[in-house]
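Structure, as structure tokens:
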Amino acid sequence: MSHRRATGGMTAALLLTAAVAAAASAQQPRSVVHGRTPGGIAWEAAGQGPPVVLIHGSNLDRRLWDAESAALAPRFRVIRFDLRAHGASDDITGPWSFVADLAEVMDAARAPRAALVGLSAGGQVALEFTLAHSDRVTRLVLAAPGVRGLRMTSIPLWMEVMMDRLRTGDAEGAARTLADSPVMEVPAGRQDAVRAMVLDNSRLFRQNPALERPEVPDALARLGAVPVPTLILTGALDSPDLRRAADTLAAGIPNATRVVVPDAGHLLNLWAPETFLAELFAFLEPDRAPPRPGT
């Protein structure tokens with residue numbers, strides 16, 4: 001069963017939880033371990049405690065999680081990586097799957113089990129990994145998640161322009177179109193960082209998507225098999241299709257909590273960083289979270 005709430009009434013205590021963690025991370029030096037899987041996926045780990053894997057969205061890279069990694073590391077072992085054909089990870093050169101890549105990352109980082117936090121396409125990866133390897137997942141966070149197989153109700157103009165540029169082989173032009181689109185919009189002060197990530201990952205548009213071999217192509221039909229507590233977060237300003245995807249997940253996953261963050265768009269952690277962190281801490285450490293009003 002799922003329940004829905006908005007975070008407009010987020011308690012000061014919850015926000016303080018995130019602030020204290022962020023301050024602690026700034027004061028405490030921490031070692032970062034860097035690695036590379038046999039399949040060519042670049043990863044890093046920092047901190048001590050229960051493992052948490054952060055999975056970025058398409059056309060971005062692990063830099064998306066700089067603030068979250070710093071805030072979580074004092075209480076968790078934070079693992080983040082670049083999806084294949086993103087960041088410092090290898091290109092697509094043969095058959096592959098997101099699920100197999102993530103399994104390699106967790107093996108390399110010596111994390112038999114972990115909580116997974118995925119944003120956008122990273123949410124799709126986290127969901128499919130959970131369905132394929134439920135014994136390796138403790139908790140699941142899906143932020144503005146994508147869902148394989150859920151059709152869009154309409155194609156926005158910016159996407160049509162991007163596809164036209166891809167058809168002519170203009171990967172850089174397609175990346176610029178994506179960087180300027182509503183889906184990559186963020187508040188002032190964070191725009192340059194997002195644009196840089198999108199442009200730095202333009203090579204993704206030169207990959208062959210036909211080489212992907214999904215291990216869970218029927219995730220939509222198997223939502224009832226997700227066995228772990230699941231937090232589903234979206235911004236109230238995200239696109240109707242993505243909000244519908246989150247509603248579909250919340251309705252189908254048995255132990256799901258649906259949260260809508262007011263005045264936030266798609267890249268939720270950059271629109272509402274304090275709220276996002278507070279929700280993460282409350283979900284990942286339910287025994288330490290202060291009670292919410294009325295509970």
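Answer yes or no: is there a residue in segment 223-240 that is under 25 Å from A100 (Cα atoms) and exposed (fewer than 15 other Cβ atoms within 10 Å of the Cβ). Among the residues of segment 223-240, at least one is under 25 Å from A100 (Cα atoms) and exposed (fewer than 15 other Cβ atoms within 10 Å of the Cβ), which makes the answer yes. Look at segment 125-153: where a residue is without any contact (Cβ under 8 Å) to a residue 24 or more places away in the chain and of a type outside the set (S, T, Y) and a partner is assigned to a loop (DSSP other than H, G, I, E, B) and open to solvent by 20 Å² or more (accessible area, probe 1.4 Å), sitting 6+ places away or on another chain with Cβ atoms under 8 Å, you get D135/R113.
Considered as a group, the residues in segment 102-157 that are touching a strand residue (DSSP E or B) at 6+ places or on another chain (Cβ under 8 Å) and assigned to a loop (DSSP other than H, G, I, E, B) include one that is farthest from I41 (Cα to Cα), and that residue is A144.
Just one of the listed residues (D287, D263, D247) is more than 14 Å from G146 (Cα to Cα), surrounded by fewer than 22 Cβ atoms within 10 Å (Cβ to Cβ), touching a strand residue (DSSP E or B) at 6+ places or on another chain (Cβ under 9 Å) and not aliphatic (A, V, I, L, M), and it is D263.
Among the residues of segment 189-207, is there at least one that is more than 19 Å from the chain's Cα centre (by Cα), part of a loop (DSSP other than H, G, I, E, B) and surrounded by fewer than 22 Cβ atoms within 10 Å (Cβ to Cβ)? The answer is yes; a qualifying residue exists. Residue-level check: of (1) within 25 Å of V260 (Cα to Cα); (2) of a type outside the set (A, V, I, L, M, F, W, C); (3) open to solvent by 10 Å² or more (accessible area, probe 1.4 Å), R77 misses just (1).
Listed by first and then second residue, the pairs linking a residue in segment 180-193 that is more than 14 Å from D263 (Cα to Cα) to a residue that is of a type in the set (F, W, Y) and open to solvent by 30 Å² or more (accessible area, probe 1.4 Å), with Cβ atoms under 6 Å apart and 6 or more places separating them unless they lie on different chains, are S181/W158.
The condition (being assigned to a loop (DSSP other than H, G, I, E, B) and under 12 Å from the mean Cα position of the chain (by Cα)) is satisfied by just one residue among S58, S89: S58. For segment 222-245, a residue qualifies if it is polar (S, T, N, Q) and under 23 Å from A282 (Cβ atoms), and the qualifying residues are T230, T234.
Residue selection: I41 satisfies the criterion of being surrounded by 22 or more Cβ atoms within 10 Å (Cβ to Cβ) and over 25 Å from E279 (Cα atoms).
Taking L83 as the residue in question, decide whether it is touching a residue at least 12 places away in the same chain (Cβ under 8 Å), of a type in the set (A, V, I, L, M) and in a loop (DSSP other than H, G, I, E, B). Judged against the criteria, L83 is a match.
The values are calculated or read from the model by the stated rules, or taken from the named source; none is laboratory data. If you're wondering where the values come from, they're calculated on a predicted model, not measured in any experiment. Ideal geometry is used to build each Cβ from the backbone, glycine not excepted, and the neighbour counts take in all protein chains shown. We work out accessible area using only protein heavy atoms, side chains counted, and drop any ligands, DNA or RNA first. Shrake-Rupley method; radii C 1.70, N 1.55, O 1.52, S 1.80 Å.
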